[in-house]
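Read the structure below first, then the notes.
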Amino acid sequence: MANEPIPASSQSDGRWRITNVPSGSNAKSVAILNGATAKPVTYGITAGGWAFDRAQAEVVDARLTLPQDLSRPGKIKETLEITVVESADVASADRILAGLAASQAETQFLVRRAVANGDAHATGQTGDLITGVVGVRRPQAPTDNGVDTAKYGFYFTKPTETDVTLVA
């Protein structure tokens with residue numbers, strides 16, 4: 001019997017793009033994503049600084065003397081912590097997130113993977129759409145041979161849309 005096929009992997013280096021889009025704009029539209037109101041923030045985020053997690057609760061369904069537990073999937077809880085390089089540059093992820101934290105305005109992030117960062121958003125590409133409010137800026141302690149960083153929490157206001165297809 002032949003071995004099963006080995007699926008191809010996708011390298012992440014240089015192949016992520018996280019774009020901030022104001023709430024109320026269509027963050028699935030390449031015209032918006034490539035336009036003046038969209039802000040690329042990928043390279044202002046530290047390595048490992050996009051800490052997105054999704055967990056699912058369990059709805060317990062244990063029955064008296066039944067030998068099998070019939071528990072099912074429950075509610076989904078998502079968390080996001082964003083760690084950025086501290087910067088005074090108005091176009092930096094730090095300043096963009098600081099402004100969003102101060103205003104408490106709802107915002108959107110389109111997270112595109114497996115396409116070169118420098119490639120413009122294009123119809124047919126896919127990504128995840130995350131919507132919510134940015135929490136308070138939290139400067140982090142300095143590290144030896146490191147750069148200054150700050151963390152922001154993110155509070156979801158809508159369910160995350162995964163694998164959305166970009167449109168014109």
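The values are calculated or read from the model by the stated rules, or taken from the named source; none is laboratory data. What you see is a predicted model, and the numbers here were worked out from it, not measured in a lab. The protein model used for the area step is the full one, side chains on, heavy atoms only, and it has no ligands, DNA or RNA in it. Shrake-Rupley method; radii C 1.70, N 1.55, O 1.52, S 1.80 Å.
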*Over all directions, average the projected area of the Cα convex hull of segment 9-168 and note it in nm².*
13.2 nm²
*Accessible surface, per residue, of segment 81-136 when the full set of protein chains is kept, probe 1.4 Å, Å²*: 39 Å²
*Relative to the longest principal axis of the C-alpha atoms of the chain, give the angle of the C-alpha long axis of helix 93-103, reported between 0 and 90° and rounded to the nearest 10°.*
80 degrees
_Spelling out what I want: for every residue of segment 154-168, take phi, set θ = phi - 60°, compute 6.51 cos²θ - 1.76 cosθ + 1.60 (Karplus), and round to whole Hz; glycine and proline get x._
9, 10, 5, 10, 9, x, 5, 9, 9, 6, 6, 9, 6, 10, 4
*Could you look at the chain and say what percent of its accessible area is carbon and sulfur, using a 1.4 Å probe and all protein chains?*
55 percent
*Helical contribution to [θ] at 222 nm, DSSP H n ≥ 4, -39,500 (n - 2.57), averaged over the chain, rounded to 500*: -2500 deg cm²/dmol
